[in-house]
Amino acid sequence: MKSELRQQALKKRKEIDLLQISKQICNNISALQEYKDAKNIGIFYPKEVEINLLPLCENSYKNFYLPKVINNGIEFFKFDNNTEMLRGKFNILEPNSDIMAQNLDIIIVPALMADTKGYRLGWGGGFYDRFLSEFAGVTLCPIPKCQLVQTLPKEEHDKKCNYIVTEYDIIKIL
């Protein structure tokens, strides 16, 4: 079921204007009070079919961190426009940095789809769910509105996000 949904989501991503949607989502994230108050933020380096959050990194008053796959998990490392990037596991760009995040205020979590209850459909590796099981801060899931559904199949280990952010809305999950 989840693999079929991933295929549908990827097909849809190729049909939409991700650049414009990414800009609008970045604007909505910037307007969120929790984001305004945050100092240390975990983001993701976008694959071709993902929301591009890198414009957020132009804010020099915040510290940004990107994930690196380490063994069977992820850790977040310092990132700015001068950080050298290397291809890591799954051919995703990762920061060539030794400065690991100590206290992230917010993590912005990638997804292919999300539901109105805060659950997301990721790429299937479970890396974020494992990390989020120990994370006490705020979680945001940026998603094109067309890929927000009422309910996704979920498993016991799936972690829900505090906010779903589309190009049109910010949905707080209670």
| said: Condition first: modelled with pLDDT of 90 or more, more than 15 Å from the chain's Cα centre (by Cα), farther than 18 Å from residue 57 by Cα and of a type in the set (Asp, Glu). Can you find one or more residues in the stretch 104-121 that meet it? | reply: no
| query | All but one of (1) modelled with pLDDT under 95; (2) touching an Asp or Glu at 6+ places or on another chain (Cβ under 7 Å); (3) of a type in the set (Gly, Ala, Ser) hold for residue 3; which doesn't? | reply | (2)
| Sole exception among (1) hydroxyl-bearing (Ser, Thr, Tyr); (2) surrounded by 14 or more Cβ atoms within 10 Å (Cβ to Cβ); (3) under 21 Å from residue 68 (Cβ atoms) for residue 133, by number | (2)
| note | Flagged pairs (Cβ under 7 angstrom, 6 or more apart or on separate chains; first in the stretch 1-24, in contact (Cβ under 8 Å) with a residue 12 or more places away in the chain and hydroxyl-bearing (Ser, Thr, Tyr); second crowded, with 16+ Cβ neighbours inside 10 Å and outside any helix (DSSP H, G or I)) are 22/51; 22/52
| said: Condition (residue is of a type in the set (D, E, K, R), in contact with a helix residue (DSSP H, G or I) (Cβ under 6 Å, 6 or more places away or on another chain) and buried (at least 18 other Cβ atoms within 10 Å of the Cβ)) applied to the stretch 110-117: is it met by at least one residue? | reply: no
| field | Scan of the stretch 136-157 for residues that are in a loop (DSSP other than H, G, I, E, B) and either hydrophobic (A, V, I, L, M, F, W, C) or buried (at least 18 other Cβ atoms within 10 Å of the Cβ) (or both), ordered by number | value | 136, 143, 144, 152
| Per-region count, the stretch 65-89, residues in contact (Cβ under 8 Å) with a residue 24 or more places away in the chain and touching a strand residue (DSSP E or B) at 6+ places or on another chain (Cβ under 7 Å) | 10
| Quick check: anything in the stretch 51-61 within 14 Å of the chain's Cα centre (by Cα) and of a type in the set (S, T, N, Q)? | yes
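The values are calculated or read from the model by the stated rules, or taken from the named source; none is laboratory data. Just so it is clear, the model here is predicted, and its values are computed rather than measured. Positions of Cβ are backbone-derived with ideal geometry, glycine not excepted, and every protein chain shown enters the neighbour counts.
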